[in-house]
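Below is one structure, written out as structure tokens; the observations come after it.
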Amino acid sequence: MLKIIHAPLVLVAIVVTSVLVSAHHSTTAEFDVAHRVTISGTLTKVDWVNPHIVVFVEAKDPKGAAGAGAAAWKFESNPPAWFRRVGVSRADFAKAIGQAVTVESNRAKDGSLYGYLLKITYADGNSLELVVPGGDR
């Protein structure tokens, strides 16, 4: 009887684990990590959620104006716990909502307005940069 119960439970555990693992993506699978793009615009929203924080920027059109030609970009980054460990809080991002920012990121491979945030520079000149150990930046 125990062997019969254990087999289905093991099968369920394997299926659940594989779904959870496949739901989380590799940075290199989704983003072009060999190239950086720089976007300037207005920080409109920050989602401080797991598994990654998400920053939204209304980018200026190619002529530098906001408005009809502007594009809404979405940037994901490290988890909230990582930011807390390095002394950055939700408030550090939230205080800049509505202000001009410049974001350096690795753009999504599919070319959408989606990227992996590497550096954000605020209007006052302060910036936050994710540093990869052993990397060139």
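Odds and ends about this structure:
- So V88, is it in contact with a strand residue (DSSP E or B) (Cβ under 7 Å, 6 or more places away or on another chain), within 20 Å of P51 (Cα to Cα) and part of a loop (DSSP other than H, G, I, E, B): yes
- Hits in region 49-70 (condition: assigned to a loop (DSSP other than H, G, I, E, B) and either surrounded by fewer than 13 Cβ atoms within 10 Å (Cβ to Cβ) or at pLDDT 95 or above (or both)): V49, N50, P51, I53, P62, K63, G64, A65, G67, A68, G69
- Among the residues of region 108-122, the ones that are surrounded by 20 or more Cβ atoms within 10 Å (Cβ to Cβ) and not aromatic (F, W, Y) come to 4 in all.
- In region 66-121, the residues that are in contact with a Leu (Cβ under 6 Å, 6 or more places away or on another chain) and among the basic types (K, R): none
- Some residue of region 109-117 being outside any loop (DSSP other than H, G, I, E, B), aliphatic (A, V, I, L, M) and either more than 16 Å from D47 (Cβ to Cβ) or at pLDDT below 95 (or both): no
- Tally, over region 25-41, of residues that are modelled with pLDDT of 90 or more, of a type in the set (G, A, S) and part of a loop (DSSP other than H, G, I, E, B): 1
The values are calculated or read from the model by the stated rules, or taken from the named source; none is laboratory data. Please read these numbers as outputs of a predicted model, since none were measured by experiment. Because the Cβ atoms are built from the backbone with ideal geometry, glycine has one as well, and the counts that use them run over all protein chains shown.
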